[in-house]
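The values are calculated or read from the model by the stated rules, or taken from the named source; none is laboratory data. Since this is a predicted model, take the numbers as computed values, not measurements. Cβ atoms come from the backbone with ideal geometry, glycine included; neighbour counts cover every protein chain shown. These accessible areas exclude ligands, DNA and RNA; they are computed on the full protein's heavy atoms, side chains included. Shrake-Rupley method; radii C 1.70, N 1.55, O 1.52, S 1.80 Å.
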Amino acid sequence: MVKAWAVRAAALLALMTLLGFLAVHSAAPESSVIGIWPVGLGTGALILARGRRTPLLLGIVLLSAVGTIWLGGRPFPVAVGYGLGTTLEVWVVWWWFAGAEREWGAPQLRTNPDIARFVSASGIGALLIAFFGMLTSLVTGFGSPPVVGLALALAHLASQLTLLPFFSRLHRHAAVAGAGERAIQWLMIATVVPLVFLPHDFPSVVFAVIPLLGWGALRNGPREALAQMIVVLTIAAIMTSLGLGPFSRVSEQFGLPVDARGMILAVFTFACALVVVPLVLTVGEQIDNARRAAAERDMVTNIVNSATGVAIIGTDETGAITLFNPGAERLLGYQADEVLGRSTTMFHSEEGLAAQARELGVENDFGAVVRAMAAPESAGRDMPFLRKDGEQRTHSMTLSRIVDDLDQVTGYVSTSEDVTERVRAQAALVEALETERRAVEQMREVDQVKDAFVSSVSHELRTPITSIVGYLEMLQDGSFGELSRRQADAVRRVADNSTRLLSLIDDLLTLSRVQDDSLTTSDRVFDLRETVRSGHDVVSPAWTNRALDVSLHLPGI
């Protein structure tokens with residue numbers, strides 16, 4: 001089963017052979033070259049084949065070139081020289097232009113680097129065929145080497161520049177022009193182009209068709225614009241070969257070589273190509289950019305409109321409002337049509353701006369505050385906003401500059417959300433914490449007064465009670481005479497209560513010293529077993545005459 005690519009490549013090579021034969025026959029018999037031979041179709045066949053069967057296809061190109069040139073009346077050695085140059089040109093242009101996409105598909109022709117690769121590949125091919133043409137002329141003595149080289153270079157350059165775009169991946173976009181406008185374009189091509197090629201004495205008038213081609217390139221789809229160019233060039237080539245138009249008699253009129261007719265026609269051809277192809281690419285790129293920009297704009301618009309909890313306000317460089325999203329409408333109470341075109345100063349009171357200027361350390365001027373707020377470190381700063389009903393609310397706002405490619409400010413956009421309740425809650429919390437701090441301070445002061453009072457009273461009470469305890473001890477030991485049994489019992493009771501009261505006072509003094517951090521402890525480590533053993537040795541004699549069984553067991557270290 002024959003592959004589709006093989007069928008298309010074979011069809012292209014067959015068309016190249018047919019058009020090549022016509023090109024050779026349309027050239028003047030005494031001409032040294034072969035007219036505008038359709039070498040671009042051979043390059044297109046290699047592009048369609050994607051690197052498959054390249055040697056076979058190049059062999060067919062060689063046979064086609066040699067055959068058409070020889071059958072067109074040129075000497076066989078000349079045909080072989082031109083054919084070898086043409087074959088090498090086809091391979092080099094395909095290899096250079098297709099680049100990394102040689103085995104994957106048609107090369108891209110959409111950007112400025114693509115245009116540069118396209119033109120450079122065609123130029124390199126033109127230099128190759130010029131070299132082979134001059135070498136063939138030198139070896140065979142057929143024609144003037146400089147004339148042959150220049151004529152072949154111009155003709156093949158024109159062919160590559162006009163045909164290669166059809167085998168490239170161009171921008172895909174519909175025609176901007178309507179059906180009526182495009183019909184007028186084709187009508188003008190069918191009438192104007194033949195008319196400008198009728199006069200013999202005004203060569204420059206033929207370039208009047210270039211604005212017509214530019215019109216089509218700017219308004220039509222890429223393939224249609226290229227087709228219009230091919231139609232114009234076909235009409236020009238046919239009329240020139242029939243002896244019509246300013247290019248057909250330049251040799252006789254200006255005393256130029258016979259090959260000058262083909263050279264000027266080639267110059268006209270690639271002049272048309274260098275106008276139409278870049279315009280087609282530029283228009284496609286602009287349409288693609290516009291399409292992407294529209295998609296991004298729609299996406300941003302959807303995001304902005306869906307942010308109902310955030311106020312998004314856009315302005316131009318003067319501060320006039322250009323964007324007011326539904327979130328801003330909900331938070332500020334205005335409708336978009338009420339604020340568009342007005343200054344954002346309507347959302348801020350003079351007192352609020354003055355307070356912001358003081359906090360930011362700038363002069364009390366709206367522009368200065370805006371510039372300071374747009375600094376990265378001011379992102380998320382609280383800013384007072386005035387609602388339509390006059391209520392002032394606090395927003396956490398981030399202000400950003402919008403700059404162009406020249407780093408010039410073209411506008412501003414602010415995003416903010418209402419944080420009034422949060423600010424109020426924080427203020428209430430701060431106030432509560434301050435109240436608590438003051439209460440704690442008051443309690444600490446009361447506690448200190450209490451501790452001072454307790455310590456003072458304890459010291460004042462300890463001295464007289466100690467004296468009382470001392471006198472009671474003297475009464476008990478008979479220093480003031482013998483006491484009766486009832487008196488001794490009363491004295492004992494008073495002494496016990498006095499001792500208890502003195503112990504209580506000592507506890508109060510100890511607690512006071514602990515709270516004042518004046519109670520010191522010893523960090524000395526001692527052996528508790530020795531203390532227990534000493535106590536046991538002291539009291540053990542008392543158990544000698546008693547019916548007690550006491551033993552001491554101490555743990556080891």
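Looking at V192, is it buried (at least 16 other Cβ atoms within 10 Å of the Cβ) and either in a helix (DSSP H, G or I) or among the aromatic types (F, W, Y) (or both)?
No; evaluated as a whole, the condition is false for this residue.
Exactly one of (1) of a type in the set (D, E, K, R); (2) touching a residue at least 60 places away in the same chain (Cβ under 8 Å); (3) surrounded by fewer than 23 Cβ atoms within 10 Å (Cβ to Cβ); (4) in contact with a Gly (Cβ under 6 Å, 6 or more places away or on another chain) is unmet by R102. Its number?
(2)
If A432 satisfies all but one of (1) of a type outside the set (S, T, N, Q); (2) over 20 Å from G327 (Cα atoms); (3) open to solvent by 60 Å² or more (accessible area, probe 1.4 Å); (4) part of a helix (DSSP H, G or I), what's the number of the condition it fails?
All conditions pass for A432, except number (3).
Please state which of the following conditions G83 fails to meet, knowing it meets all the rest: (1) more than 30 Å from I287 (Cβ to Cβ); (2) buried (at least 22 other Cβ atoms within 10 Å of the Cβ); (3) in contact (Cβ under 8 Å) with a residue 24 or more places away in the chain.
(3)
Checking the conditions here, which among E482, E530 is in a loop (DSSP other than H, G, I, E, B), open to solvent by 80 Å² or more (accessible area, probe 1.4 Å) and at pLDDT 75 or above?
E482
Out of V92, V61, V78, I need the residue that is crowded, with 21+ Cβ neighbours inside 10 Å, in contact with a Leu (Cβ under 9 Å, 6 or more places away or on another chain) and part of a helix (DSSP H, G or I). Which one?
Residue meeting the stated conditions: V61.
Of the numbered conditions (1) under 17 Å from G390 (Cα atoms); (2) touching a helix residue (DSSP H, G or I) at 6+ places or on another chain (Cβ under 7 Å); (3) open to solvent by 30 Å² or more (accessible area, probe 1.4 Å); (4) not acidic (D, E), T308 fails exactly one; give the number of that condition.
(1)
So in the stretch 381-403, with the set limited to residues that are open to solvent by 60 Å² or more (accessible area, probe 1.4 Å) and outside any strand (DSSP E or B), which one is nearest to I312 (Cα to Cα)?
Residue satisfying both the conditions and the ranking: K388.
Starting from residues that are open to solvent by 50 Å² or more (accessible area, probe 1.4 Å) and in contact (Cβ under 8 Å) with a residue 24 or more places away in the chain, keep the ones in the stretch 113-135 and report whichever is farthest from R52 (Cα to Cα).
L135
Looking at the stretch 325-377 only, could you name the residues that are among the aromatic types (F, W, Y) and either more than 20 Å from G411 (Cα to Cα) or crowded, with 17+ Cβ neighbours inside 10 Å (or both)?
Y334, F347
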